[in-house]
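Have a look at the structure below before the remarks.
None of the figures in this text is laboratory data; all of them are computed from the coordinates on show. If you're wondering where the values come from, they're calculated on a predicted model, not measured in any experiment. Every residue, glycine among them, receives a Cβ derived from its backbone with ideal geometry; neighbour counts consider all protein chains shown.
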Amino acid sequence: MKKTYVFLFFALIFMQNSLTAQSIKAIVRPDGTFDIVGTTIKITNCYPALENQSLKPISVKIAEKGNVKTIYYQLRQGSVELQFGNEGKSLAVNIKVIGLPAIPEMISVLRDGEVTGAGKIYRTSSQIMGNGGIKEWPKDKMDYSSCSGITGLIADSGASMVISTRNYKKFISYTNILPTEKNGGKKLVEACISTEKISTANIPTFYFTENISAFEAMKNEAAEAGKVMGVKNDKPQSYHWCSWYYAYYHLTDKMLSEYLQGFKKMNPPVDIQTIQIDAGYHPHAGDWLEPSHRFPNGLQASVKEIVEHGYKAGIWIGPYMVGNKSKVYLEHPNWIIRNLDGSPLIQMAFYAEDRLWGAMDEEIYCLDTSNPEVMAHLRNVFRTLKKMGITFFKTDFMLNGAMSSNSIKRFTPGKTSLEYQSEFFDMIRQEIGPESFWLGCIAPFGPMVGYADAMRISADIRPNWEGGTSMFEETKGNQHINNVWWQNDPDAMIIREKYSQLNATETKSMALWMGMLGGVINTSDLFYDIPKERTALFQFLEPNNNKLTCYFPFLNAADKIEVLVRKYNDKSWAVLFTNRQEEKMSASYAVKSLVGIASANCTDWDESKALKLGLKNELSISLKPHESKLIYIATDETSPVGMTLGGKTK
């Protein structure tokens, strides 16, 4: 297979966003239907809906003032108002629901809008393993047909219309992509929010934007949502070690001491920032401050030891979780969320031989943060951990608190699930301080924007090639939010040789891919107990102080070799070519299609070499199954010798 990539329009990606963003407008008709019209993509014959049913008003009135158009739908009981206005090059659509006899669970600003000009969708995952990225428009009901957060509608040219809300403090928004087979071949779309039957006040604005680049369209809109949610992105790129994928729940304080001593004896050292203790330090889920038989003296001594060795101390915790045999639950059975019939809401069950993290809990419940006593308890947990000297917090199973308030029984009812979560997240950040690094995991993405410094986006890694499938797909599909909302965490990389089914080629490909992304870089392997070349590979990925993010220049193309590009400055780039296929692949790439310049000096580069290839205007790449090749491209005579992939000069 050989193919030359010369995309004449690709250079447009390198233009300023202000030049590529396109205006979008609404066309309103007397009967209350409307169109949303972009330069390339249109959504026509739209109508608002309640409970997935289009409105049946007794009258429709349209008013226009300045650039704002308002449609008033008078119902038999109550009314709906739909307002359209431009904010910069965005079309902002607001909906108000007034005087209804009951709160509808679903409110749609548009229902059954017919899409023309687009054939694919671009999903932003709403949680871990969220099937993010570019997908074909579904023909039948598929798992990605309902998208929350930010959704793109993509034309063949790559131009995209994006539908988004930017405030995730109260309501969950959805863009439902309706299957063509059930709608006469039409591509229909719905934009709506779930009220959880709690309130219709302060429904978030829906924004419609368009851009000639799908990736830029999604990234730009993610940045706008980040502004509303208070994203800071002020932490260095995380480069750390965690205990999970080597020790799992078997970690002991003595094992940790051995690891620390081994790390410090290494020459040259591996300059990781943080040592994160994972599960095993606690006797039961929920009893985070109680000593376990693996840490009989508690955490304090181990945290002190980590800090004394020159690292930041990190901890794993599942704050919503509480085991049925934990001290917390036995003393406070009224602290958990319950089903509407009063029975405990069981988040996880272990009725057979397995027991979560080696504990004896058959069931895991969810603490109810609407209960002031629970909030006080969890505040004390985080405050105590911070006082120990912990400054890196991985909070796991954060989806446990995201259940609809309409389907569960809380101690203090009356708010949406997102409102309860926002209050909880506010408390956590208060207690750990703005300086602490917060890594979310198994978490709802929207509500954690502005709180988390990093977010796990893919499934748990496994030590085989298939075990990296989710990592590859989710990191590619959600790169538009990386270093925009937070640092994406692709999970720990497996670099060890023993206890792994990955061969050397596969290990290197996965590591280079993770290193190129510009998100969290971490492993659980013992640097002093693996081959030196494997440790050197991890050291090669060390980030610089300034975060660098890659992009996928052929994101909208179904090509067998995948390409990632990282820009260091106006004169140099790194380009990674990865073959995830089961057969050999070859292709040729115009240098201009990769970095926007006609020709440049190229170097075959990795942790062990920097072989000059000379001045090139085209690169011919041939890769074995699961193989990768890294090329350094520069417009001058710059050499990558002595530099890490992260851009740090040793």
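Mind checking the full-extension length gain between Ala598 and Lys498? Use 0.36 nm per residue of separation minus the Cα-Cα distance, one decimal, nm.
Result: 31.5 nm gained on full extension.
In angstroms, what radius of gyration and Dmax does the range 415-476 have, counting Cα atoms only?
Just the Cα atoms of the range 415-476 yield Rg and Dmax of 14.5, 44 Å.
Nearest 20 debye, what's the magnitude of the dipole of the range 239-456 about its Cα centre given +1 on Lys and Arg Cβ and -1 on Asp and Glu Cβ?
Once rounded to the nearest 20, the dipole reads 340 debye.
In percent, what relative contact order does the range 20-229 have, based on Cα pairs under 8 Å that are 6 or more apart in sequence?
Here the relative contact order equals 22 percent.
Test of understanding: what is the full-extension gain from Ala459 to Lys616, defined as 0.36 nm times their sequence separation minus their Cα-Cα distance?
Roughly 52.6 nm would be gained on extension.
Give, in nm to one decimal, the length gained when the segment between Ile408 and Asp140 is fully stretched (0.36 nm per residue of separation minus the Cα-Cα distance).
93.4 nm
Lys325: which lysines have alpha carbons under 29 Å from its alpha carbon, excluding same-chain residues fewer than 8 sequence positions away?
Lys254, Lys386, Lys387, Lys394, Lys409
For Glu582 paired with Ile346, estimate the spin-label separation in nm (one decimal), with each label point 7 Å from Cα along the Cα-to-Cβ line.
The two pseudo-label positions are separated by 3.9 nm.
May I ask for the Rg/Rh ratio of the range 239-456, computed from Cα atoms with Rh as the Kirkwood radius, given to two decimals?
Result for the range 239-456 is an Rg/Rh of 0.97.
Hull surface divided by four, with the convex hull built on the Cα atoms of the range 549-650: how many nm²?
Average projection, Cα convex hull of the range 549-650: 6.3 nm².
Residue farthest toward the positive end of the dipole of the chain, with Cβ of Lys/Arg at +1 and Asp/Glu at -1: which of Pro463, Asn176, Ile272?
Result: Asn176.
Given a Förster distance of 30 angstrom, what is the FRET efficiency for Glu105 paired with Lys232, based on the Cβ-Cβ distance and rounded to 0.05? Let's see the in-between values first.
Values: r = 34 Å, r/R0 = 1.14.
Calculated transfer efficiency: 0.30.
Cα centroid distance between the range 598-650 and the range 310-325, in Å?
41
To the nearest 20 debye, what charge dipole does the chain have about its Cα centre, counting +1 at the Cβ of each Lys and Arg and -1 at the Cβ of each Asp and Glu? Walk me through the numbers before you get to the answer.
Values: 71 positive and 69 negative charges, 258 e Å.
The dipole of the chain has a size of about 1240 debye.
Take every DSSP beta bridge whose two residues both sit in the range 239-456, then give the antiparallel share in percent to the nearest 5. Don't skip to the answer; put the middle values down first.
On the way: 9 of 27 bridges.
About 35 percent, rounded to the nearest 5.
Sequence neighbours fewer than 8 away in the same chain don't count; with that in mind, list the aspartates and glutamates whose C-alpha is under 17 Å from Lys327.
Leaving aside aspartates and glutamates fewer than 8 places away in the same chain, those within reach of Lys327 are Asp287, Glu290, Asp361, Glu362, Glu363, Asp368, Glu373.
Return the whole-Å distance between the Cα centroid of the range 209-254 and the Cα centroid of the range 332-410.
Each part's Cα centre sits 24 Å from the other's.
Normalised by the number of residues in the range 336-419, what is the relative contact order in percent for Cα pairs under 8 Å and 6+ residues apart?
Averaging sequence separation for qualifying contacts and normalising by length gives 35 percent for the range 336-419.
Output needed: percent of Cα pairs per 20 Å distance bin for the chain, bins running from 0 to the one holding the longest distance.
18, 48, 30, 3
Quick one: grab the alpha carbon gyration tensor of the range 32-88, order the square roots of its eigenvalues as a ≥ b ≥ c, and give me rounded if a/c is under 1.5, else prolate or oblate depending on whether a/b is larger than b/c.
It is oblate, given that a/c is not under 1.5 and a/b is not larger than b/c.
From the Cα gyration tensor of the range 76-148, with a ≥ b ≥ c the square roots of its eigenvalues, which class applies: rounded if a/c is under 1.5, or else prolate if a/b is larger than b/c, or else oblate?
Cα axes put the range 76-148 in the prolate bin.
Compute the Cα gyration tensor for the range 20-229, then decide on rounded, prolate or oblate, letting a ≥ b ≥ c be the square roots of its eigenvalues: rounded whenever a/c is under 1.5, prolate when a/b is larger than b/c in the other cases, and oblate in all that remain.
Note, shape of the range 20-229 comes out rounded.
Could you check the simple spin-label distance between Glu362 and Lys65, using points 7 Å along Cα→Cβ, in nm with one decimal?
Spacing of the two 7 Å Cα→Cβ label points: 6.4 nm.
To the nearest 500 deg cm²/dmol, what mean residue ellipticity at 222 nm is calculated for the chain from DSSP H runs of n ≥ 4 alone, each contributing -39,500 (n - 2.57), summed and divided by the residues? Let's see the in-between values first.
Values: 13 runs with 124 residues, N = 650.
About -5500 deg cm²/dmol.
For the range 170-178, just list the computed ³J(HN,Hα) in residue order, Karplus coefficients 6.51, -1.76 and 1.60, θ = phi - 60°, integers in Hz, with x standing in for Gly and Pro.
10, 10, 8, 9, 9, 10, 9, 9, 8
Any idea how far apart Glu466 and Glu81 come out in nm if each label point goes 7 Å out from Cα toward Cβ?
So the two model labels end up 5.7 nm from each other.
Tell me, what is the percent relative contact order of the chain, built from C-alpha pairs under 8 Å that lie six or more residues apart?
Taking the mean separation of contacting Cα pairs over the length of the chain, I get 12 percent.
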